[in-house]
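What follows is a single structure, written as structure tokens, with notes after it.
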Protein chains: 2
Amino acid sequence: MRSPEALLALETARRRPIALPAGTAVYRQGEPVQDALNLISGWVMLAQTLPDGRRQILRFLLPGALFGLMPTGQATHSHSAEALTPALVCPLPLEALHRLRHAWPGFDDRILWTIERDAALIAERLTTVGQRDALARVAHLLLELVARAQRRFPPEPGRAVPVPLTNRLIGDATGLTPEHVSRMLRTLREQGIVTLLHRRVVVQDAARLVALADPPKGLLGLWSDPAP
Amino acid sequence: MRSPEALLALETARRRPIALPAGTAVYRQGEPVQDALNLISGWVMLAQTLPDGRRQILRFLLPGALFGLMPTGQATHSHSAEALTPALVCPLPLEALHRLRHAWPGFDDRILWTIERDAALIAERLTTVGQRDALARVAHLLLELVARAQRRFPPEPGRAVPVPLTNRLIGDATGLTPEHVSRMLRTLREQGIVTLLHRRVVVQDAARLVALADPPKGLLGLWSDPAP
DNA sequence: CGATTCTTTGAGTTAGGTCAACGGGGGTGG
DNA sequence: CCACCCCCGTTGACCTAACTCAAAGAATCG
């Protein structure tokens, strides 16, 4: 937990929050790294784009996420960040971040925790995309996002959880085409497992969804737990 | 750069190095997190295994790598680590790591740099596996490993670079079957681009290999540059 | 209310997987 | 030093999951 003094120092160092309409870029791949960013509200996605236009969504960010950091010495962003909903983002100059890290150990620990957690989330997506079939990939993504959005695992059945997903976004995150995503969503719907309609996910059968997505035991905490 | 005092403190805190024969596990998925580990010599792979036996190789580690860290509060390993060659590994108790981080800012910065770099490498693999075809995936992996092993980009043509890869390992890293990896390697060989024979890679046509793998500009430093 | 983007579905195609068989290399134990 | 064995690599034939292309309907947003 950060001390009141640390929080005050953070308040002093950060810039004014920026309101971003849905669909706007926070930063683009190849742009110079400027500030670290704190997501206050809304959803943001991080994606890597190939020269031919295909893109891989690396992560979906929920409020509270810290992003925009690159390894020291890395001058440009390796990926782009784009708001999926209207979003509020608060920049923090890298130099101030560095100062805060060294001044407040609790703050430093939290940064490290965040980066490690993000790496673990990407690793799990890699495993899913590399090894699982289309149905499991879609199921896994829906389960992850519902669990993270609700901060709860397993997800509560019947509740409509707002998620700003389109079939194209699901495809870009899972390595599938939007058409095939549509077919997989139909299967999940017809089997009474989970439904995605009008940007809302309803989990009908949490047990079967978990069985399909089959998230590795022991990592579930990363979806639902806050920072220590 | 870390100060002499910091290096001394590190020397004092670490345990005695452990020699691992090729094929042995450093730790297994699901085991409790114990020490952080420093790879002194040899190659190690990090992999996530699914219940049905399929596995995704997340990263290949080269000497100097720091691994075995998990987000604070995460009790068990989300992946396994296995030596691909005879390897020398030096454990560092987590508690000592924590102390060193807070006592020596340069040390702390280097840890953060390492984790961020590792996350960037995994993200790039995710993009490759999710979006590129089989030939490009294999080309990308060979290029990455040759560049990292030689600390040099683009790779020097004609030089035989030792890599402990089997077709199965390439398949597990790229999401392909060993049979299809064999077909892709044949294509790369027949086209005079790159050859893998007897655990040695020879890059024949660096320009075409780079064009095929098409690594995002600006990330190349992560393959060939040392820590700042 | 028009335009645009998103979703859905169908039909045909293909990249990569599966299965099977064989050959080679390297390590091990006699 | 040799023989065996096991794993690895290679190739071919066939199969199927996912892609492509096309077209029509449904949401969403000025």
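The values are calculated or read from the model by the stated rules, or taken from the named source; none is laboratory data. Values in this document were obtained by computation on a predicted structure and should not be read as measured data. Note: ideal-geometry Cβ built from the backbone for every residue, glycine included; neighbour counts use all protein chains shown. Calculation scope for accessible area: heavy atoms of the full protein, side chains included, ligands and nucleic acids excluded. Shrake-Rupley method; radii C 1.70, N 1.55, O 1.52, S 1.80 Å.
The residues neighbouring residue B:78, those whose beta-carbon lies less than 15 Å from its own, together hold a net charge of -3 under the Lys/Arg +1, Asp/Glu -1 convention. With both labels modelled 7 Å from their Cα along Cα-to-Cβ, the residue B:72 to residue A:28 distance reads 3.8 nm.
Could you state the number of Å between the C-alpha centres of region A:178-222 and region B:136-153? Between the Cα centre of region B:136-153 and that of region A:178-222, the gap is 36 Å. Using a 1.4 Å probe over protein heavy atoms, the accessible area lost on pairing B with A, summed over both chains, comes to approximately 4100 Å². When the Cα gyration tensor is reduced to axis lengths a ≥ b ≥ c, the ratio a/c stays below 1.5 for the protein assembly as shown, which is therefore classed as rounded. Surface composition of the protein assembly as shown: carbon plus sulfur atoms contribute 55% of the solvent-accessible area (1.4 Å probe, protein chains only, all chains present). For chain B, the solvent-accessible area works out to 43 Å² per residue, with a probe of 1.4 Å and every protein chain left in place. Averaged across B:213-219, how many Cβ atoms of other chains sit within 10 Å of each residue's Cβ atom? Mean partner-chain Cβ count within 10 Å for B:213-219: 5.
The calculated FRET efficiency for the pair residue A:15 and residue B:41, based on their C-beta separation and a Förster distance of 41 Å, comes to about 0.35. Evaluate the distance, in nm, between pseudo-label points positioned 7 Å from the Cα of residue B:189 and of residue B:95 along their respective Cα→Cβ axes. My value for the distance between the label points is 5.4 nm. Between A:13, A:38, A:58, the Cα set farthest toward the positive side of the dipole of region A:1-73 (charges on each charged residue's Cβ, about the Cα centre) is that of A:58. Annotation for region B:1-58 versus region A:34-75: alpha-carbon center distance of 28 Å.
Helix A:178-190 against the longest principal axis of chain A: what's the angle in degrees, Cα atoms only, rounded to the nearest 10? So the helix axis and the longest Cα principal axis differ by about 60 degrees. Peptide A:63-71 has a mean of 3 when you count, residue by residue, the C-beta atoms of other protein chains within 10 Å of its C-beta.
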